[in-house]
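Notes to accompany the following structure.
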């Protein structure tokens, strides 16, 4: 094995997707528009910047039963993967139920939301083909105090 390959291998490590500094996210006045977001492989994220991808990003969400990620549009297409629980993903005008181990693709700038329709906490991972993402929500998202949230690139969840 070359020295370069050995150096690359030393940088590889396991990443706990839900063991990073999460942030509670909600919409004021909407009791069930709330979740806990984790940004483990996003550039600049506390405890994760050294494992961030150069051309990809992962966001992770924990959504309690009955709660949902509000409708929004992302600047890149997204692969939604459910790792625990059961959700309904509404993408544009279509709704699909997804259980652990299932996924759906959300095209760039298509409105979508994810609701936990099960009895346990749902964990959903969003994979993006870029190191920066801008999500535009229909309502102001707290604690960001904006309906536009940018993650990655030269910034962290602003």
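The values are calculated or read from the model by the stated rules, or taken from the named source; none is laboratory data. For clarity, every value in this text was computed on a predicted model and none was experimentally measured. Glycine also receives a Cβ, built like all others from the backbone with ideal geometry; neighbour counts cover every protein chain displayed.
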Out of 25, 81, 59, which single residue is at pLDDT 95 or above, surrounded by 12 or more Cβ atoms within 10 Å (Cβ to Cβ) and not in a loop (DSSP other than H, G, I, E, B)? 81
Single residue of 66, 126, 92, 153 found to be modelled with pLDDT under 95 and either surrounded by fewer than 17 Cβ atoms within 10 Å (Cβ to Cβ) or touching a helix residue (DSSP H, G or I) at 6+ places or on another chain (Cβ under 7 Å) (or both): 153
Confirm whether residue 158 is modelled with pLDDT of 95 or more and either surrounded by fewer than 17 Cβ atoms within 10 Å (Cβ to Cβ) or part of a loop (DSSP other than H, G, I, E, B) (or both). no
